[in-house]
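Following: one structure in structure tokens, then a few remarks.
The values are calculated or read from the model by the stated rules, or taken from the named source; none is laboratory data. Since this is a predicted model, take the numbers as computed values, not measurements. Glycine also receives a Cβ, built like all others from the backbone with ideal geometry; neighbour counts cover every protein chain displayed.
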Amino acid sequence: MAAPQPTKKSKLTLYIIVSLIAGVGLGFTFNKTYLSEDNKALKEVDLSIRNVQEQLKTTNDSLVINQLENQRKDLRKTRGTVLTARDKKVEPFSLMADIFLRLIKMIVAPLVFTTLVVGVAKLGDIGAVGRIGGKTLLWFLAASFTSLLLGMVLVNIFKPGIAMDLPLPEVSEIPGITNTGLSLKVFLYHVFPSSVVEAMAKNEILQIVVFSLFFGVATAAIGEQGKIVITFMDSCAHVILKLTGYVMNFAPLAVFGAMTAIIAQQGITILKTYSIFITEFYFGLLVLWVILALAGSAFIGKRIFGLVKRIKEPILLAFSTSSSEAAFPKTMEELQRFGCKDKIVSFVLPLGYSFNLDGSMMYMTFASLFIAQSYAIDLPLATQLSMLLVLMLTSKGIAGVPRASLVVIAGTLATFNIPEAGLALLLGIDPLLDMGRSATNVVGNSVATAVVSKLENSLGSPLPEGAEL
């Protein structure tokens, strides 16, 4: 098969960057013109709600309280109407990103299943699966602990919550975030599928991984008959990767739509309002990148620079779409081009999407302690370490949950008696923070895959730029 022209990949990366810039520009224009009346009305309603809340704090008259409560209820209804009207105006742009992400999610479940079954079956026996799985999980645990600890250290150094001194909304103003139970039963139900069809329909990556591990081991155990299944699954995986190439052509449109919608709604001013928190969080992500690169270089040496160069497109895609899943197929492809054997990539990378979300892990301690600081709640070091360990356990396997990081943080805040209303401080900027988290998750999982490949003596020479797998 003829190798594609190397310029094709470079052009796609260029198109994504151009779309990102164009989306920010158009979003800013819309924010100042097309949505200016809606944004102005929203600010006035928010100010009125805040004034009513202040009045409620200063009166004991039951009649006045009743009137103010009704007034607040009406204002919230008005706020919802304004938000709906504003969102409707940028819906065509949001749809661009939503459709692209739906296409990507369409690919992820079958890709994880086919590649992981092939990877496990090619390993040959349970002993090999256990050996590689042990090394993989050990790296994941170390990376997760480092990410959580880094978030805790940096938020204690910078103290962004104290510096911001922002008013906190009430719990009732936090839409879409539910404090899910964090019991062992709930966790185990989230890990082990009752139906693989349901797991694939809901894109429950961890459940798909569990079924694929059993299926792969069983396929290897039946010998010659299993080889037919492996060949079929391998062919399916290549078909899905080819399909990924087609879907990726729509990435620039998705990036353009996503950036236009978010900047049009939030405006550039949100970067100014939350500049301290955003700057310090992204500095933390940069430090985490350096730590991951140094840890990776201890095993693969200077090739770590080649790895980062290889995955620049998946990183950019994850950043601009705020979705690690969107970058999953391309990350898998680039890691194989880097020299990682397909059986290692197929095994480690899907596991990483459930157990090794380094950017999200750092955010959880950073955000939880930031909220505590905003309420002037002083948490002793022992309590903070307890929070770190709780997050270490409760954050595993929640990759398929919408707004997963915020869901876990909500549960953690309740556990340590920190008001959950503080989550409202993060809702406005969460999409901007999610961009950095998603890109960091790609870096962390790519480094983990390369390191495990090296430990298994399965790291070969990189393929030439643009060469066919």
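Among the residues of region 357-402, those identified as among the polar types (S, T, N, Q), under 15 Å from Phe145 (Cα atoms), at pLDDT below 90 and not in a loop (DSSP other than H, G, I, E, B) are Ser360, Ser386, Thr394. No other residue among Ala448, Ala439 is surrounded by 18 or more Cβ atoms within 10 Å (Cβ to Cβ), over 28 Å from Ile276 (Cα atoms), in contact with a Phe, Trp or Tyr (Cβ under 7 Å, 6 or more places away or on another chain) and not β-branched (Val, Ile, Thr) apart from Ala448. Going by what's in this entry, would Thr114 be described as modelled with pLDDT of 85 or more and touching a Cys at 6+ places or on another chain (Cβ under 6 Å)? Taking the combined requirement at face value, the residue satisfies it. For the structure I just gave you, tell me whether Glu280 is of a type in the set (D, E, K, R), assigned to a helix (DSSP H, G or I), closer than 18 Å to Asn249 by Cβ and out of contact with any strand residue (DSSP E or B) (no Cβ under 6 Å at 6 or more places or on another chain). In short, no. How about region 304-333: which of its residues are buried (at least 18 other Cβ atoms within 10 Å of the Cβ) and more than 19 Å from the chain's Cα centre (by Cα)? Across region 304-333, the qualifying residues are Ile304, Leu307, Arg310, Glu333.
Give region 221-249 a look and list any residue that's loosely packed, with under 13 Cβ neighbours inside 10 Å and charged (D, E, K, R), or say none. Within region 221-249, Glu224, Lys242 meet the criteria. One residue stands out in region 250-261 among those that are under 14 Å from Leu14 (Cβ atoms) and either among the hydrophobic types (A, V, I, L, M, F, W, C) or modelled with pLDDT under 85 (or both): the one that is surrounded by the most Cβ atoms within 10 Å (Cβ to Cβ), namely Val255.
Residues checked against (1) among the polar types (S, T, N, Q); (2) more than 27 Å from Lys159 (Cβ to Cβ):
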site: Ile263; (1), (2): no, yes
site: Ser275; (1), (2): yes, no
site: Ile278; (1), (2): no, no
site: Phe281; (1), (2): no, no
site: Leu285; (1), (2): no, no
site: Ile291; (1), (2): no, no
site: Gly296; (1), (2): no, yes
site: Ile311; (1), (2): no, yes
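Comparison of Leu307, Leu288 shows that the only residue that is assigned to a helix (DSSP H, G or I), among the hydrophobic types (A, V, I, L, M, F, W, C) and closer than 29 Å to Lys122 by Cβ is Leu307. Ala97 passes every criterion in (1) part of a helix (DSSP H, G or I); (2) modelled with pLDDT under 85; (3) more than 15 Å from Gln265 (Cβ to Cβ) apart from (3).
Among residues of region 84-101 that are within 17 Å of Tyr246 (Cα to Cα), those with a Cβ under 8 angstrom from a residue that is among the β-branched types (Val, Ile, Thr) and part of a helix (DSSP H, G or I), sequence gap 6+ or separate chain, pair up as Ala97/Val255; Ala97/Thr321; Phe100/Val247; Phe100/Thr321; Leu101/Thr321.
Scanning region 92-106 finds one or more residues that are surrounded by 16 or more Cβ atoms within 10 Å (Cβ to Cβ) and more than 30 Å from Gly352 (Cβ to Cβ).
Does Ser194 meet the test of being in contact with a Ser or Thr (Cβ under 9 Å, 6 or more places away or on another chain) and of a type in the set (Ser, Thr, Tyr)? No; evaluated as a whole, the condition is false for this residue. Annotation: Ser297 fulfils all but one of (1) farther than 30 Å from Val118 by Cα; (2) free of Cβ contacts under 8 Å to residues at least 60 places away in the same chain; (3) more than 19 Å from the chain's Cα centre (by Cα); the unmet one is (1). Taking the criterion of being among the hydroxyl-bearing types (Ser, Thr, Tyr) and either surrounded by 15 or more Cβ atoms within 10 Å (Cβ to Cβ) or at pLDDT 90 or above (or both), the residues of region 5-32 that qualify are Thr13, Tyr15, Ser19, Thr29.
Listed by first and then second residue, the pairs with beta-carbon distance under 6 Å, at least 6 apart or on different chains, first residue in region 347-359 and farther than 18 Å from Phe214 by Cα, second assigned to a helix (DSSP H, G or I) and hydroxyl-bearing (Ser, Thr, Tyr), are Asp358/Ser147; Asp358/Thr440; Gly359/Thr440. All told, Leu427 meets the bar of being closer than 20 Å to Gly284 by Cα, out of contact with any His (no Cβ under 7 Å at 6 or more places or on another chain) and either buried (at least 21 other Cβ atoms within 10 Å of the Cβ) or at pLDDT below 70 (or both). Taken across region 162-180, residues that are over 27 Å from Ile344 (Cβ atoms), at pLDDT 85 or above and of a type outside the set (Lys, Arg) do not occur at all. Scanning region 35-53 for any residue that is part of a loop (DSSP other than H, G, I, E, B) and among the β-branched types (Val, Ile, Thr) turns up nothing. Only residues that are in a helix (DSSP H, G or I) and either among the basic types (Lys, Arg) or under 19 Å from Arg303 (Cα atoms) (or both) were counted across region 405-464, and they come to 16. Screening Leu68, Leu63 for residues that are exposed (fewer than 14 other Cβ atoms within 10 Å of the Cβ) and more than 36 Å from the chain's Cα centre (by Cα) leaves exactly one candidate, Leu63.
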